[in-house]
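Each value in this text was obtained by applying a stated rule to the coordinates, not by laboratory testing. Only a predicted model underlies this, so the values are computations on that prediction, with no experimental measurement involved. Because the Cβ atoms are built from the backbone with ideal geometry, glycine has one as well, and the counts that use them run over all protein chains shown.
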Amino acid sequence: MRPCCERSGRTHRSPRVPICPGEMTHQPDVTANDMPSPTSCLPLSSRNTLASPAVLSPPLHAAMVRFPTLERARWNTVIAALADLGFNAIDLPLVWREHERAPGVFDFTEGVLSLEAMVATVRAAGLRLVVRLGPMATDDAPGLCIPERVLRDRACQARTRRQNPVWVPDPPRVVPLPSIASHAYQHEALQWISAAAAALARLEPTYGPVDRVIVGDGPHALLRDDPYEIDHHPDARGTLAPVDPPHDGPQEQGRNEVQRETNQRIAYLEALVDSAVRHGLSRDRIMVAIAGAATLSPAAHRLADKYGLVLAVPPPVAGSLAIWRLVRHAVALTESRGAHFDVWSGGALHCPPARGSHTVAAARVALAAGARDFTVRMGCAGNRWMGAVLSETGIPRPHAPLWRELLAWTKTLPEGEELTAELVEHLAVVEAARAATVVHPLPLGLLGLLGLTPGQLAAHNTPIEPGLTMAAHESALASAERALIAAAVPVRRVAVRSPSRRAVAMAPDEDPLAFAARAARSLRNVIPTVQPPGAALVRAVRQRGRVHLVVLSQTTETATVSPPGHGWTLKDSPVTEPVSLDPGMALVLTHEQPRRRVRKTSGQDYGASSAEHSTSSTHTTKTPRRKRQ
Amino acid sequence: MISVDTQIRGFDARSWHRLVTLVAPGLASRAPHEFAARATEEGGTLLVLYHQTRILRAIHTHRGVVDAAVWPGPENMEALARAHGARFVLAAEAGALEELYERLGGRLRIDDDAITLSLVTLGALRELHDEGELHFWPRWIDQRIPLPTPAVLHRMFDFLLPDGQCAVITLFDRAEIDTALLIRRRGEALDRVYGPEVLKDIVGPLGGDFRRDYRIIRTAIERTMGPLALGLFAETATIHSLLRTDRPGAWAEAIALRDVVIDPMPLWLAAAASAGVVRAAANRSRGLITGLGLLGALSPTMRRLREMADAVTDAVTGFDFERVLGFDPLRVLAQILRRSSPSGSQPRDHDTP
C-alpha cells in the first residue's frame with residue numbers, strides 16, 4: 001500500500017468550512033504537520049474528482065436481507081413478501097467472514113453465498129439493489145463481520161494506552177476492535193473490499209448497475225470511539241505520546257488528537273472507496289457509512305461534500321426531538337451528495353429490545369424530518385436478529401402492516417426547498433466538543449445517537465473562539481431551539497450556514513430569544529398554530545408552486561393544528577377548522593400557490609398570498625436535482 | 001451459555017421485548033413521542049462522572065443531561081438520586097472507566113466464554129469499587145461475598161441443564177403464547193435458542209389453556225429437539241409478579257396452586273419447592289424480627305433461620321444457590337425489579353394495526 005503523499009505528490013488540506021461574513025471565524029487549519037505520518041496514510045483519492053450526487057428517483061425504500069443466513073429455497077418468498085409490503089429495494093450486506101474461505105480467497109458463488117442468485121432474485125422481483133461491503137457491514141453477524149484470523153492477529157488490533165486490545169461486545173463474547181490505522185488491517189480490509197467489489201462488478205453487465213454501494217463501518221455506533229483511549233497502535237501514533245483529556249484546560253493537544261483521528265478515518269474510508277472503484281464499481285453510486293451520530297463526527301462533516309453518507313436513525317427511546325434534530329442536521333449536512341438512513345426494525349442480540357410499533361414510529365419521525373432514502377434493518381435475517389419485518393421463514397410479522405402503511409404514507413411527503421430557521425453548529429464546534437469530552441471513554445457516537453448534543457458532552461468552559469465557551473454556545477442554541485419549537489417555527493441545527501444572504505440563521509452574538517422572534521416574523525406565513533404549544537415539530541417545504549407543512553406530534557397529548565391563513569388543504573380537503581393530531585402521528589398540510597409575477601419589492605415574507613416572495617426573506621435550500629436511473 | 005455458533009431465531013419484536021423486560025424492565029422500549037412524558041416520571045438510572053468534588057457530567061437515562069455540579073460523595077448518593085428522581089446511581093471518578101477498560105483489556109481473551117467474561121468483568125468492577133473509584137447505589141450484595149469461580153458456575157450450568165437436554169419457558173397471555181424461550185445444550189454451549197415462532201411451528205395448534213397445553217408442548221419438544229430437562233408454563237402476568245414479590249414461599253405456593261406449571265420438574269427444583277413452605281415460615285419469622293431491608297436478605301441471621309430448609313434441599317441435591325453464590329439471585333433480582341420502572345408493556349400492545 002503506497003502512502004497518500006507519495007501517490008498524489010501534494011500536501012493534503014482538510015476542506016474548509018464555508019463561513020459567512022460575521023459568523024464565528026475560528027476555523028482549524030489542518031496542515032501537513034497535522035496529518036498522520038506518511039507511512040500511516042492510505043492513498044487518498046483526488047479531491048478534485050467529486051462524486052456525483054447519489055440521489056435517485058424515486059426514493060430508495062430498502063429492506064435489509066441477510067441472505068446467507070436464510071434457506072435459499074425461501075429467498076423468493078422473502079423478496080416477494082418485502083415487495084408486497086411496499087419496499088422498492090433490497091439491501092444486501094456482504095459479510096466478510098462468511099465469504100472468506102481462506103486468507104485472501106473468497107466465495108461469492110456457492111449455495112447460500114451466491115451473490116448472483118440473490119441479485120437475480122431481487123431483479124426478478126423488479127426491485128432495486130443496495131449492497132454493503134463493510135468491512136463491518138451489519139451488526140448481527142458475529143465478530144464484527146471480520147474473519148477470526150484477522151480479529152486474532154495482534155498486528156490488526158486497536159490498542160489502548162497500555163497496548164491492550166480494545167474489546168467490544170460481540171455477544172456472548174468480546175472481540176478486539178481492529179485498528180483502521182494498522183497497515184496489516186488495512187491490507188486485509190482492502191483485499192476484502194477489492195474482492196467484493198469485483199464480484200459485484202461482474203454481475204452488472206447482466207443484472208444492471210447496483211443502485212447504491214455502501215462502504216465503511218457502521219452505521220451502527222461503535223462502542224469504543226474515545227479519541228484519547230484509542231487508538232494507540234504503533235501505526236496510528238508512531239512516537240506520539242498519549243494525551244490526557246484536557247476537559248476545560250488548554251485545548252490544542254486535544255484538538256490535534258481529534259484532527260489526527262479524523263484524518264485517519266477519512267484516509268481509511270477513501271482508500272476503501274478507491275479500492276471499490278478500482279475493481280469496477282462506479283464512484284457516483286458509492287456512499288460512505290459513518291458510525292454513530294454525524295453531529296459528533298468531524299469525519300462526517302468533512303466527507304459530506306464529497307460522498308453521500310449513510311447514517312443511523314436514533315432508536316425510538318431517544319425521543320422524537322432527538323430523532324428529528326439528527327435527521328434534520330444530517331439532511332442539511334448532506335445536501336450536496338445525499339444521505340441514506342438506517343431505520344430500525346428490531347435489533348441485534350446486544351441491542352435493547354424495541355417494539356415493532358415503536359420502531360415504525362421512529363421511522364415516521366425520521367421521514368417527517370426529511371429522510372428520503374432509507375433501509376429498514378432488518379427486513380429478514382435467519383439468525384441473531386430479533387424483530388425483523390419478516391420471520392426467518394419469510395412470513396410477515398405482526399408489525400409488518402405498520403411498515404406497509406408507513407411506506408404508503410411516504411408518497412405524501414414533500415421534497416423541495418426547506419423554509420426554516422437555522423442554528424449553526426459548524427465543524428469547529430464538533431471538533432472542540434470531541435476534544436473537550438468529559439464523558440470519556442464513553443462512546444461519543446452512541447451518546448450522540450441517543451440525543452446528546454456536542455455541547456452537552458464537552459466541558460462547559462471549553463473555548464470555541466475568544467469570548468465564546470461551549471456552555472454559552474450550547475445554552476444559546478438550546479434556548480433558541482426551545483423558543484422556536486414552542487412557537488411552531490420550522491427549525492434545524494445545521495453544520496454549515498447557507499451561503500444565502502437571506503437565510504434565517506442565528507448570528508453568533510444574537511440573543512436567542514431575539515432570534516426566535518426574528519425568525520418567527522420572517523417565517524410567519526409557514527408557522528401553524530399548535531395547541532398546546534410545543535406539542536408538535538414543524539417542517540416547511542416549498543415544492544413546485546406548493547407549500548407543504550409537515551407537522552409531527554412529539555408528545556403524548558392530542559394536539560390541534562391550525563394552518564397559517566386560508567387556502568390550506570389536508571389530503572385535498574380544505575382545512576377550515578383546527579385539525580386534531582394524535583400523539584406520535586404526523587400530517588401534511590398543503591397550500592397551492594397561484595402563479596404570479598414576481599414583484600420586485602423586497603422585505604415581504606413568504607405567505608399564502610405572496611408565494612413568489614418567499615425567498616426574499618426566508619432561507620431556502622434546494623434538494624439536489626434527481627437523476628433518473 | 002450461548003456461543004458464536006448458537007442459532008438464535010423465532011422472536012418477533014413483541015415477544016423478544018416481553019421476554020427481556022420481564023427481567024430487565026429498564027430496557028423497555030418507548031415510543032419516540034413518550035420521551036417527554038417519561039422524563040417527568042420517577043425512575044431510571046443516573047450516571048455520574050466526577051473529578052474530586054466536581055461533577056463533570058450527570059446523565060439520566062430518562063432525562064438526558066441533568067444539572068448537578070457538586071459530587072456529594074458515595075455516602076450521599078441516595079440524596080443525589082432523590083434529587084433527580086433516579087432509582088439507581090452509578091458514579092465513576094474521572095479515569096476510572098479507562099482503568100476498567102485497561103484491566104479488562106489485559107485479562108480477557110477472545111475465547112473466553114460468557115461465564116468467564118462475566119466473572120472477569122465483575123472482578124474488575126469490584127476492584128475499582130473497593131479502590132473507591134466506582135460507586136453504585138443502592139447496594140444489594142454484601143461486598144465481602146467472594147465471587148464464585150468459573151468452575152463453580154460451570155458446575156451450576158451442568159446441574160441446571162445437562163448436555164443434550166432442552167429447557168423451555170412458555171408464557172401465555174390468556175389463550176395465546178405470549179413469549180417463549182426454548183434452549184438446547186450441546187457440549188459446553190447452547191446450540192439452539194428459539195423463540196415462540198419456532199415453538200409454535202414445533203408444537204402446532206394449542207387449546208389455549210396452559211394447564212393442559214403443557215403436555216402437548218413437552219411431547220412435541222421431546223419429539224423434535226431432545227429430552228426436556230425443565231419446562232415452565234404460566235401466564236406472563238403471574239411470572240411478572242412472582243419475580244417482583246418479596247413474599248417468602250410465593251414461588252412454591254404458585255407451583256402448588258398450578259398458577260405455575262413445572263413439567264418436567266427436576267429433582268432439585270421439587271426439593272426446593274417443597275422446602276419453600278419451610279423457608280416461608282422461617283422468613284416470616286425473620287421478617288418480624290428484622291424487617292425486610294435490602295441487605296437484611298443476606299444477613300447471617302437469615303442464614304441460620306434457613307438452615308432447616310437448606311438441609312432439605314442439600315440432602316436431596318447437594319446443591320444450593322445461595323450457598324454457592326453467597327446470595328440468593330432470585331431475591332436480589334426481585335429487589336432490583338421492584339425498584340425499576342414499569343416496562344410499559346401492555347398485555348396487548350399495538351404492534352398490529
Looking at segment A:240-292, which trypsin sites (Lys or Arg not before Pro) are in a loop (DSSP not H, G, I, E or B) and have at most 15 other Cβ atoms within 10 Å? none
Among B:H129, A:H220, which comes first, then next, by fewest other beta-carbon atoms within 10 Å? B:H129, A:H220
Please compute the modelled spin-label separation between B:E222 and B:A175, points set 7 Å along Cα→Cβ, answer in nm with one decimal. 2.8 nm
In segment B:108-203, which GluC sites (Glu not before Pro) are in a loop and have at most 16 other Cβ atoms within 10 Å, using DSSP for the loop call? B:E131, B:E188
Treating only the Cβ of Lys, Arg, Asp and Glu as charged (+1, +1, -1, -1), what charge dipole size does segment A:350-486 show about its Cα centre? Round to the nearest 20 debye. 780 debye
Rounded FRET efficiency, nearest 0.05, which uses the C-beta distance separating A:R72 from B:R82 and R0 of 56 Å: 0.45
Enumerate the calculated ³J(HN,Hα) couplings along segment A:517-531 in order (Karplus 6.51 cos²θ - 1.76 cosθ + 1.60, θ = phi - 60°), each rounded to whole Hz, writing x wherever the residue is Gly or Pro. 5, 5, 5, 5, 5, 5, 9, 4, 7, 10, 10, x, 9, 10, 10
I need the trypsin sites (Lys or Arg not before Pro) found in segment A:447-554, filtered to DSSP loop residues with at most 15 other beta carbons within 10 Å of theirs. A:R501, A:R502, A:R544
The distance between the Cα centres of segment A:377-455 and segment A:294-342, in whole Å, is 8 Å
Binning at 10 angstrom from zero up to the longest distance, how are the C-alpha pair distances of segment A:174-260 distributed in percent? 13, 32, 28, 17, 8, 2
Magnitude of the charge dipole, segment B:103-171, Cβ model with Lys/Arg +1 and Asp/Glu -1, debye to 20: 120 debye
At A:W409 and B:L257, where each label point lies 7 Å from the Cα along Cα→Cβ, what is the point-to-point distance in nanometres? 4.3 nm
Segment B:R211-B:Q52, length gained on full extension (0.36 nm per residue, minus Cα span): 51.4 nm
Sorted by packing (mean other beta-carbon atoms within 10 Å per residue), highest first, where do B:151-161, A:556-566 land? A:556-566, B:151-161
Yeah, segment A:319-450 with a ≥ b ≥ c from its alpha-carbon gyration tensor (a/c under 1.5 is rounded, else prolate when a/b outruns b/c, oblate otherwise) is oblate
Quick calc, A:H566 & A:H350: beta-carbon distance into FRET formula, R0 60 Å, rounding 0.05, result 0.70
Note on segment B:1-156, DSSP bridge orientation, antiparallel percent to nearest 5 equals 70 percent
Among B:H135, A:H358, what is the fewest-to-most ranking by other Cβ atoms within 10 Å? B:H135, A:H358
Rounded to the nearest 0.05, what FRET efficiency is calculated for A:I395 and A:S57 with R0 set to 41 Å and r the Cβ-Cβ distance? 0.80
For B:E102, A:E405, ascending order of other Cβ atoms within 10 Å (fewest first) is A:E405, B:E102
Would you mind checking which residues have amide H under 5 Å from B:L56's amide H? H placed 1.01 Å from N; only 5 or more apart, or other chain. B:L49, B:Y50, B:H51
For segment A:429-514, what does the alpha-carbon gyration tensor say about shape, rounded, prolate or oblate, given a ≥ b ≥ c as the root eigenvalues, a/c under 1.5 as rounded, and a/b over b/c as prolate? prolate
Long-range amide H partners of B:G43 with built H, under 5 Å: B:A86, B:R87
With unit charges on the beta carbon (Lys/Arg positive, Asp/Glu negative), name the residue among B:V120, B:V23, B:V4 whose Cα is farthest towards the positive pole of the charge dipole of segment B:2-152. B:V23
Between the modelled labels at B:R338 and B:I110 (7 Å from Cα along Cα→Cβ) the distance in nm is 4.6 nm
